[in-house]
Amino acid sequence: MAEAGAAGTAAASGQAPGRQVGRVLGTQDATPLSFWVAIQSGAYLQLDDVVVTARALPGEATVLHSGVVTDVRARHEGAQFASDVFLIEEGVLPAEIQEVAEISVTRVDPELYVPPRPGAPARRAGGDERDAALYFDTMERRLPMGLGRDGVPVYLNFDFLDGSRGAHISVSGISGVATKTSFALFLLYSIFQCGVLGGRAANTKALVFSVKGEDLLFLDRPNTRLDDVGRDSYARLGLPAGPFPSVGIYAPPLAGDLTGRPDVRERTDGVQAFWWTLAEFCEQELLPFAFADAEDDRQQYTMVVAQVASMLRRSGSPAGTDGAWRVDTATLRTFADLVDLVTDKVTAEDTRAQWAGPVTGAGTVNAFLRRLRSAARALARLVRADLPAEAGRRVSTEGQQVTVVDLHNLPERAQRFVVGLLLRAETERKEAAGPGSLLFTMIDELNKYAPREGDSPIKQTLLDIAERGRSLGIILIGAQQTASEVERRVVGMSSIKVVGRLDPAEAGRSEYGFLPVTQRQRATIAKPGTMFVSQPELPVPLAVEFPFPAWATRPAEAGPAPSVGPGAVGTAGRTTGRSAGRTVSRTGGRTGGPGRQDPFAGIPHDPPPF
Ligand SMILES: Nc1ncnc2c1ncn2[C@@H]1O[C@H](COP(=O)(O)OP(=O)(O)O)[C@@H](O)[C@H]1O
Ligand SMILES: [Mg+2]
């Protein structure tokens, strides 16, 4: 299907695949790994074109050298001086324009590493030859990731993504033009829609953290701005052009609101508020996650953090059904209550040694309290027991394929708290579930969570995922403006490296050493929608153009939600009757479709963890 459409474009310009475009050059050395082609008149080659040339060896099979154009040049042959160009154009001086192209060899087949011979015809590769040049023929499970400059699909070897032979994707590029988030989502869409998951489709999930506006809250709505060109691209890639079919959306509760409404502006339905109860916070010793800044690890007060976390757990017990926690006579319902209690305990003479640690000085205790108070501002909305606890408030990837957690309204410290806790919970869940299922986690601005400098519980969780994710089945899709700010081991463990438009200063850094010089230069002018993707099997990163999102990225683009029949997996946190815009589904949106009557409506809520 795809080949036909693309061949059409190439044929129209007289550059049909299989056609000779020139000959192997004789004035430059040809080697088994790189050679130049002189382009014949009437033909052209551009960067990324796939070229093949053959060499017959006596008594051996014919060797095919195939590769990708990594440089093209044109010059007047015979011109010596800059001014010659005028004489040549006037016909006074004889000279020819000659274009040449550098081919970086991707494959020598069979593996006889002889150079191609000058004079040998070079042709544009199409069909099977193109597939072979780019190793698509050997990919057992291939993921369409966009179209090449020739309009034909370019694939990623899924073995290097799902953990079989490698895992993790790292996407870098300038904010707003590199289309990092869009490409990461497109890959997710492709993974779920192209059939590469086979039998694992049902238990493969994605957890997406949304940090920029409400852009990702409309993944389940079609994009009304998608035009025919866009739809054609999806068709060529063998993908339907539509929204994500199964999406659950979570957002923090609205500040200063005691009904537990999610804090979203643009979307009024199908969003579930999430928070942690004080009982969970104390029982699970979550306090260290509130101190997750890079500078925290070097401070002495981290000892106090651990001690206080442990004391909160040991000296308290649950109170009531909404997740309150009682320590002595105090009942903690808000984070402020907790801060008050902890302040008392670590400053009062009789409890200080036990709560802060026996040898802790007043300076350290004060440093701890200062940090705790600033954490309180960030976490008050997220850790509380002043809302009716309902099952749906826990973020869960269970009931839908894609789970979006909206963080954009939260301060950075609270964002780190949420990402750290959810990743830890998912890692534990996956460990318990055993192999078989996959979880893709998409984290924007990875540098905030796993910065190169410093240490924190969240960075440790991410490092753990980077290192063990392959065997656990947790795949990290990380995006950042600059790879040089992200922990080396996290970027280093990514099998798939992607860049969109790069800042020129950034492009020169060693983190982008996988890009050939011409691609580094090109990345500084790459248009939205163009990405360079490096995968282990291919010596040259491939340039791809991925189609415009088929799902809405803002309310203005959102078409009507596709009708979903009963029983279909739909949006999580759906409302039953939409009382005050609040989701009250007892099942927390984990099962059932939007049109379905909630059979549990009216029955009192079970306390978590139901
Ligand atoms: N394939 C595409 N072609 C052209 N523009 C695109 C494409 N995908 C996304 N865009 C647009 O580019 C803009 C920036 O994309 P985004 O993914 O948010 O970038 P980043 O995450 O790098 O900041 C968005 O407004 C989006 O509409
Ligand atoms: Mg982004």
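Every number here is computed from the coordinates shown, using simple stated rules; none is lab data. This is a predicted model, so every value here is computed, not measured. Here the Cβ positions follow ideal geometry from the backbone for every residue, glycine too, while neighbour counts run over all protein chains shown.
Fully extended, how many nm does the chain gain between residue 359 and residue 527 (0.36 nm per residue separation, minus their Cα-Cα distance)? Write out the running numbers ahead of the final one.
Values: separation 168, 0.36 × 168 = 60.48 nm, distance 5.87 nm.
Roughly 54.6 nm would be gained on extension.
By how many degrees, between 0 and 90 and to the nearest 10, does the Cα long axis of helix 412-433 differ from the longest principal axis of the chain? Compared with the principal axis, the helix lies near 80 degrees.
Between the beta carbons of residue 334 and residue 47, assuming R0 = 41 Å, the FRET efficiency works out to 0.10 to the nearest 0.05. Rounded to the nearest 10 degrees, the inclination of helix 335-347 to the longest alpha-carbon principal axis of the chain is 70 degrees. Calculated mean residue ellipticity at 222 nm for the chain: -8000 deg cm²/dmol, from DSSP H runs with n ≥ 4 weighted as -39500 (n - 2.57), summed, divided by the residue count and rounded to 500.
Summarised as an ellipsoid, the range 2-138 has semi-axes of 30, 19, 11 Å, derived from the eigenvalues of the Cα gyration tensor scaled by 5 and square-rooted, with the largest first. Close amide H partners of residue 125, meaning residues 5 or more places away or on another chain with modelled amide H under 5 Å apart, are 18, 50, 51, 52. Need the full-extension length gain, residue 310 to residue 114, defined as separation in residues times 0.36 nm minus the C-alpha distance. One decimal, nm. Result: 63.8 nm gained on full extension. Per residue, the convex hull spanned by the alpha carbons of the range 281-379 comes to 87 Å³.
Relative intensity of the range 153-280 on a log10 scale, I(q)/I(0) at q = 0.13 Å⁻¹, equals -0.71, per a Debye sum over C-alpha point scatterers of equal strength in the absence of solvent. The loop-placed chymotrypsin sites (Phe, Trp or Tyr not before Pro) in the range 408-514, going by DSSP, include none that has at most 11 neighbouring Cβ atoms within 10 Å of its Cβ. A simple spin-label model places pseudo-atoms 7 Å from Cα toward Cβ; at residue 317 and residue 517 they are separated by 7.4 nm. Here the spin labels are modelled as points 7 Å beyond Cα on the Cα-Cβ line, and at residue 40 and residue 510 they lie 4.7 nm apart. Of the chymotrypsin sites (Phe, Trp or Tyr not before Pro) found in the range 95-175, the ones in coil according to DSSP and having at most 14 other Cβ atoms within 10 Å of their Cβ are 113.
For the cross-link pairs 205/448; 448/527; 180/212; 345/448; 459/527, which exceed 21 Å when the distance is taken from alpha carbon to alpha carbon?
Values: 205/448 24 Å; 448/527 26 Å; 180/212 12 Å; 345/448 32 Å; 459/527 32 Å.
The answer is 205/448; 448/527; 345/448; 459/527.
Only one residue of 56, 315, 364 has its Cα farthest out toward the positive end of the dipole of the chain, where Lys and Arg carry +1 and Asp and Glu -1 on Cβ, and that residue is 315. Taking other C-beta atoms within 10 angstrom as a stand-in for reagent exposure, 31, 329 fall in the order 329, 31, fewest first.
Once the chain from residue 28 to residue 225 is taken as fully extended at 0.36 nm per residue, the excess over their C-alpha distance is 66.0 nm. Dipole magnitude for the chain: computed about the Cα centre from +1 point charges on Lys and Arg Cβ and -1 point charges on Asp and Glu Cβ, it is near 1200 debye. For the range 215-315, the convex hull spanned by the alpha carbon atoms encloses 190 Å³ per residue.
If R0 is 45 Å, what FRET efficiency do you get for residue 349 and residue 269 from their C-beta distance, rounded to 0.05?
0.25
When the label point is put 7 Å from the Cα of residue 61 along its Cα-to-beta-carbon vector, which residues of the range 76-120 have a backbone N closer than 16 Å? Only 107-114 fall inside the zone, counting backbone N under 16 Å. The Cα atoms of the chain cover 99, 59, 52 Å along the three principal axes, with the biggest extent listed first.
Rounded to the nearest 10 degrees, the inclination of helix 2-12 to the longest alpha-carbon principal axis of the chain is 40 degrees.
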